[in-house]
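Engineer: Shown below is the structure under consideration.
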Amino acid sequence: MVKSVSIIIPVNGEAPFLADAIASVERQTFREFELLIVLDRPSEETRSFVESLAKKDFELKVLESNQPGISAALNQGILTTESKYIARLDSDDLMQPTRLQIQMSELEKNPNLACIGSQVEYIDEEGRSTGHSSLPTSAWQVRSMMPTLNCLMHPSVMIRRSALVSAGGYREYLDGVEDYNLWLRLLRFGSIKNHKEYLTKYRRHPAQVTQANFSIYPWLDSLARLDALKQQFPSGARVWSAYLKSVKVNELEPLVRRLESQATSLWTTNRLRSSRSFSLYFVGPRNERFKNVLKSLIRTPLRTFWLALLVTVQKVKSL
C-alpha cells in the first residue's frame, strides 16, 4: 500500500543523533507515512544499527545509495517511493509531533503549493535550545527573497512529489547547495512558503558540513543560481562535482565571476552579483561588510533594502 508521505533521511558516517531523529518520526500524530533511510557511506556501527531497526519495523525501509553524496542519496529515495509527498529530515535533526499533519494539510488545501517548510528551533549537541528562526512565511515573500537568499531550511520541508520530479530532482554536482538550487527551479512549478510554527528542531554542531564549509557557501550559492538560470558550467557534471569537492575559495571566485559575466543580459549579471554581495555580507571580513552591502544596494536597491530589513529583524528576534 502506497503511503501518503515518505520521509527521507540520508545517513552518512557515524550519525550520532540518528536514534533521536528516528524517535521523533515515530512520535508523529499523522501515521500514514513510510520512513526511508538512505545509507551514504555510513560507518559499520551505523549500518548495523539501521539494519537492526529495519528488521523490527515494517514501515522502515533501508536503501544503499549507489553514488556518494547527499543529492544522490535523496534522488534514490525519491525514485524508490510513489508517495504523494516527500518530507525531509537530516539524521541530526528532530520533528515536532504535529509536523507531518500540519504540512500535509497545507499542501492538500492548496494544489498550487509545491513545497512548505517551517520555522525551526536551533538546538546544540545536547538538545538544548539556542535560538529560533524568523523565516519569511508567505509565498510572495519567499518568491521575492529566494533569488538572493535561501530562506528555506532543508530538513524542515515537505514537497509535492509531482513538482519535485518535474523540476528534475536534486543536482548531484551541487552538493552543499543542492537544496537552494532545487528551490530556485521548483518555483517554476508552484509556490513555496514556510509555516509560522516551529515544526523542526535544527541541530548545530562542529561536525556539521555547513559549519565546516561556511566561508565557501556564498560562492556555491552563486553556482546554485547560475545553474537554475541554465548557465552552462565549464565541464561535464561528473568532472564538475569532483572539482567542487576539492575547490578553494580563491579558485572558485574567478570562476564564478566569469560565469556571471556570461549571463544572458546585463540586468541578470547585476542581479547575480548583487545576490553574491549580499551573501558575502554574512561571512566576509568585518571590514568588507559595508562594501558588500553597498554593492548590493547600488545594483538592486529596492529589493536589497527589503531583504536587508527582513534579515536585520530576523537577527534581532533571534538574540
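Engineer: Does Glu34 satisfy the condition of being part of a strand (DSSP E or B), out of contact with any helix residue (DSSP H, G or I) (no Cβ under 9 Å at 6 or more places or on another chain) and closer than 24 Å to Ile192 by Cα?
Structural biologist: Yes; evaluated as a whole, the condition is true for this residue.
Engineer: Could you please tell me which pairs satisfy a Cβ distance under 7 Å, a separation of 6+ or placement on different chains, a first residue in region 149-167 that is in a helix (DSSP H, G or I), and a second residue that is among the β-branched types (Val, Ile, Thr) and surrounded by 22 or more Cβ atoms within 10 Å (Cβ to Cβ)?
Structural biologist: That search, which allows pairs on different chains as well, returns Pro155/Thr200; Ser156/Val120; Ser156/Thr200; Arg161/Ile86; Leu164/Ile86.
Engineer: Follow-up. Look at Arg41 and say whether it is within 22 Å of the chain's Cα centre (by Cα), open to solvent by 20 Å² or more (accessible area, probe 1.4 Å) and farther than 23 Å from Arg161 by Cα.
Structural biologist: yes
Engineer: Residues of region 181-226 being hydroxyl-bearing (Ser, Thr, Tyr), assigned to a helix (DSSP H, G or I) and either crowded, with 21+ Cβ neighbours inside 10 Å or modelled with pLDDT of 95 or more (or both), which ones?
Structural biologist: Passing the criteria: only Ser222.
Engineer: From the list Ile78, Ile70, Ile22, which one is closer than 20 Å to Lys201 by Cβ and open to solvent by less than 40 Å² (accessible area, probe 1.4 Å)?
Structural biologist: Sole residue among the options that is closer than 20 Å to Lys201 by Cβ and open to solvent by less than 40 Å² (accessible area, probe 1.4 Å): Ile22.
Engineer: Filtering region 85-144 down to residues that are in contact with a Ser or Thr (Cβ under 7 Å, 6 or more places away or on another chain) and aromatic (Phe, Trp, Tyr), which residue is least open to solvent (accessible area, probe 1.4 Å)?
Structural biologist: Tyr85
The values are calculated or read from the model by the stated rules, or taken from the named source; none is laboratory data. Small disclaimer: the values here were computed from a predicted structure and weren't measured. Heads up, the Cβs are rebuilt from the backbone with ideal geometry, glycines too, and the neighbour counts pull from every protein chain shown. SASA here: full protein model, heavy atoms, side chains in, ligands and nucleic acids out. Shrake-Rupley method; radii C 1.70, N 1.55, O 1.52, S 1.80 Å.
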